[in-house]
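Novice: First the structure, which I've put down as C-alpha cells, then a few questions once you've had a look.
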Amino acid sequence: MESPRWHSTRRLIAPAVALLLIAATIVGLPPELARADDGYDPNPDLPHADISVESHGDGVTIYIAVSDSSPGSSGDSSSSDGVGGSGGWSCSADVMNIGVGMREWFEREAPLHPGQAPWIVRCDNGFFGVVWLSTDVGPADIQIVVVRGDAVDPAAMAAALLDHVPVPDITIGVNPATGLVAVPSWFWIEGYDGSPIVASDTLGGVTVEVEITPTGYRWYFGDGAALETTSLGQPYPQPSDIRHTYEQSSSVGGSFAATVEIAFSARYRVDGGAWQPLDPITRSFTAAYPVQQLQSILTGQ
Amino acid sequence: MQKGAVLTRRFALLATVAVMGLMLAACGDGGNEGDSVRTESPTPAATRTAVPEASPTSTPSIEQEVSEAYLRYWEVYADAVFNLDESKLPEVMTGPQLDRTRREIDGLRQRGRAAKIVVEHNSFIAELDPVAGTATMHDEYTNRSYEVDAETKQIVGQAAPGTVLTDTYFLVKEDGTWKVRDGIRQGG
C-alpha cells in the first residue's frame, strides 16, 4: 500500500516532469536530457566498504562494513581498540596530521564538521577511510569493529535488540498492604505509564529501532484467580479498576504471589524506514501479597 | 573519559589546530590555488592543482609527482572510457586497477555505451613513502558524469546530480612512473 507521503510526492513529481519536458522542448535541450537517469559513477567496480561512527558514553565505535568486494574481505569480522587488533582485519585510527598537501581539503571540510577533527582509519589489508570525530576523543576512546556488511541482518538485529528493550522496573501497588479475606484489594502498576518503549542499535552503518507498546495486562492474584485489563489501574487513594477479593487467607506468615503479565506488541524499522512487525513479547512482575482472615471476637454481656 | 584527560586533550588539539593555522597562513600563496581540480573527458578543462609542499619525509617534487600522476590517471581514464580505448591505460594504472578498468570498458562496449567523466576533485595525499614508492590519495570528488552512445557520443540519460563520491587510490612507483594500482570506495 502506498503511503500518503508518496502520494503527495508523486503529485508533485508528475507536474515537475511535465514542466521539465516542456522546458526541454522550448530551450532545445536534447530530448535525452529530459529522460530520468542517474548518471555514471566512475570506476563502478571499485571495491567498497561502509564506514560509520557511533558515539556512546565510553567513547566512539567505528564500524567498517565490508562486502565481498572489499579488500581482504575473506577475513573474519573482528574488532580492535584504537590500534592493533585481532582476527582477519587489523585496523587502527590516527588523528590526521594535516600536512600542507592536504591544506585545501582540510580548509574546505573543517567548517562542515565543527568541533571535530579528521581521523584516518587504516587496516592492514588495504582499507583506508576518513572519519570526523569529536575533539574530545582520543585513541583510547576508539574501538574499531569490522563487520560483514552483507551479513548485517536487520531482522536479526531487531530480534536481539528486543531482548534488551529497557522495560522500566515495574512494581505492583496494592491496597490494603495486607489483604483481608472478603475485602476487595485494589491493584495497580507503579513505575510505568504505559507509553511505548524504544531501543535502537547501529551496526555496520545499519540503524535498527525497536518499539514495544503494551496491549494488555493479565493479572494473576496467586489464589487461582486471574483478570485481564487494558488499564494500569489507579494508585490509592484513587479507586482502582483492578480489584480482587480473596476468599481465603494466605498461609500463616506467607503470602500470595500477585503477578502482572504485560503483553507488548513489537515492531522495528531500519534506518528510519517503514515499521515492520515483530513477534509480541511479554514481561512479568510479581509481588508477595499477604492476606489475612478477619477474626471476629464475640464478647458476652 | 576523565575530565582532566579530556581537557588536556582539548588543549593539545586546540594547540595543534592553532599551529596548523599559523603554518597554513604562512604557506599561503596569494590565492592562486583553486579549491578543486576538475577532470572532464575528452578535453579536460584547465585545471588548477594544489601543489603540496615539503614534509620531513619527502621532497616537494615527489609530492608534486604524485599529484600530477593522479590527475593524469583521471585524464587517461576519462579518455579511455569515452573513446573505449584501452591503449593508454597501462601508462597510468597497473595491477587490479588496470584489470578493473579494462573490464569496465568492456562492459560499456557490450552495452553500446561510453562514459563522459565530469568530476571535480577534492583530494589530498594521505600517505607518501618515497622509499617504498607508495602513495595514498584520498579524493572526495563531485561527480557529474554521464553515459553517452558509444558511436554518436550523444548523451544517454542524465548527468549524475553532483553526487560526492569518496574514493581512496593507492599508487605505486613502477619503472619510475607513479601509477594507480588499486582503490577503494567509502560507502556506495
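Novice: Here is a check on your reading of the model: is B:THR101 more than 11 Å from every other protein chain (Cβ to nearest Cβ) and surrounded by 15 or more Cβ atoms within 10 Å (Cβ to Cβ)?
Specialist: So B:THR101 fails the test.
Novice: Across the stretch A:162-214, what is the total count of residues that are within 24 Å of A:PRO290 (Cβ to Cβ) and either β-branched (Val, Ile, Thr) or part of a strand (DSSP E or B) (or both)?
Specialist: Number of matching residues: 17.
Novice: Please determine, by comparing only the residues of the stretch A:90-107 that are acidic (Asp, Glu) and within 18 Å of B:SER67 (Cβ to Cβ), which one is nearest to the other protein chains (Cβ to nearest Cβ).
Specialist: Per the criteria, the residue is A:GLU104.
Novice: Quick one: which of B:LEU71, B:LEU89 is away from every other protein chain (no Cβ under 11 Å), crowded, with 16+ Cβ neighbours inside 10 Å, touching a residue at least 24 places away in the same chain (Cβ under 8 Å) and aliphatic (A, V, I, L, M)?
Specialist: B:LEU71
Novice: Additional query: Can you pull out the residues in the stretch A:88-112 that are touching a helix residue (DSSP H, G or I) at 6+ places or on another chain (Cβ under 8 Å) and of a type outside the set (A, V, I, L, M, F, W, C)?
Specialist: Those that are touching a helix residue (DSSP H, G or I) at 6+ places or on another chain (Cβ under 8 Å) and of a type outside the set (A, V, I, L, M, F, W, C): A:ASP94, A:GLY101, A:ARG103, A:GLU107.
Novice: Which number in (1) more than 15 Å from the chain's Cα centre (by Cα); (2) modelled with pLDDT of 95 or more; (3) within 11 Å of another protein chain (Cβ to nearest Cβ) marks the one condition that B:VAL156 misses?
Specialist: (2)
Novice: Taking the condition of being surrounded by fewer than 20 Cβ atoms within 10 Å (Cβ to Cβ) and touching a Leu at 6+ places or on another chain (Cβ under 9 Å), how many residues in the stretch B:74-85 meet it?
Specialist: Number satisfying all stated conditions: 1.
Novice: Output the qualifying pairs, or none if there are none: Cβ atoms under 8 angstrom, residues six or more apart or on different chains, first residue in the stretch B:152-172 and under 14 Å from B:GLY112 (Cβ atoms) and among the small types (Gly, Ala, Ser), second residue at pLDDT 90 or above and assigned to a strand (DSSP E or B).
Specialist: Every condition considered, the pairs that remain are B:GLY157/B:TYR146; B:GLY157/B:GLU147.
Novice: What's the total number of residues in the stretch B:128-167 that are touching a Leu at 6+ places or on another chain (Cβ under 8 Å) and among the aromatic types (Phe, Trp, Tyr)?
Specialist: Number satisfying all stated conditions: 1.
Novice: Sticking with this one: Which pairs do you get when a residue that is more than 7 Å from chain B (Cβ to nearest Cβ), found in the stretch A:34-48, comes within reach of a residue that is modelled with pLDDT under 80, reach meaning Cβ atoms under 7 angstrom, with the pair 6+ apart or on two chains?
Specialist: A:ALA34/A:LEU20; A:ALA34/A:LEU21; A:ALA34/A:ALA24
Novice: Show the residue pairs that are 6+ apart or on different chains and have beta-carbon atoms under 7 Å apart, the first residue being within the stretch A:111-140 and more than 29 Å from B:VAL180 (Cβ to Cβ), the second being part of a loop (DSSP other than H, G, I, E, B) and at pLDDT below 90.
Specialist: Correct list of pairs: A:ASP136/B:MET1; A:PRO139/A:GLY82; A:PRO139/A:VAL83; A:ALA140/A:GLY82.
Novice: Being closer than 19 Å to B:LYS179 by Cα, modelled with pLDDT of 95 or more and more than 10 Å from chain A (Cβ to nearest Cβ): is that true of B:VAL81 here?
Specialist: no
Novice: Would you mind stating whether A:VAL167 is touching a Lys or Arg at 6+ places or on another chain (Cβ under 7 Å), more than 8 Å from chain B (Cβ to nearest Cβ) and either at pLDDT below 90 or farther than 30 Å from A:SER255 by Cα (or both)?
Specialist: Judged against the criteria, A:VAL167 is a match.
Novice: Follow-up question, since we're still on this one. Take the stretch B:116-153 and flag every residue that is over 10 Å from the mean Cα position of the chain (by Cα) and of a type in the set (Ser, Thr, Tyr).
Specialist: Scanning the stretch B:116-153 gives B:THR134, B:THR142, B:SER145, B:TYR146, B:THR152.
Novice: Separate question: Is there a residue in the stretch A:159-182 that is touching a residue at least 60 places away in the same chain (Cβ under 8 Å), touching an Asp or Glu at 6+ places or on another chain (Cβ under 9 Å) and at positive phi?
Specialist: Looking through the stretch A:159-182, at least one residue is touching a residue at least 60 places away in the same chain (Cβ under 8 Å), touching an Asp or Glu at 6+ places or on another chain (Cβ under 9 Å) and at positive phi.
Novice: Residue check, A:SER251 against (1) under 26 Å from A:VAL165 (Cα atoms); (2) without any contact (Cβ under 8 Å) to a residue 12 or more places away in the chain, all met but one. Which one?
Specialist: (1)
The values are calculated or read from the model by the stated rules, or taken from the named source; none is laboratory data. Being a predicted model, the structure only gives us computed values, none of them experimental. Please note: Cβ atoms are built from the backbone with ideal geometry, for glycine as well, and neighbour counts cover all protein chains shown.
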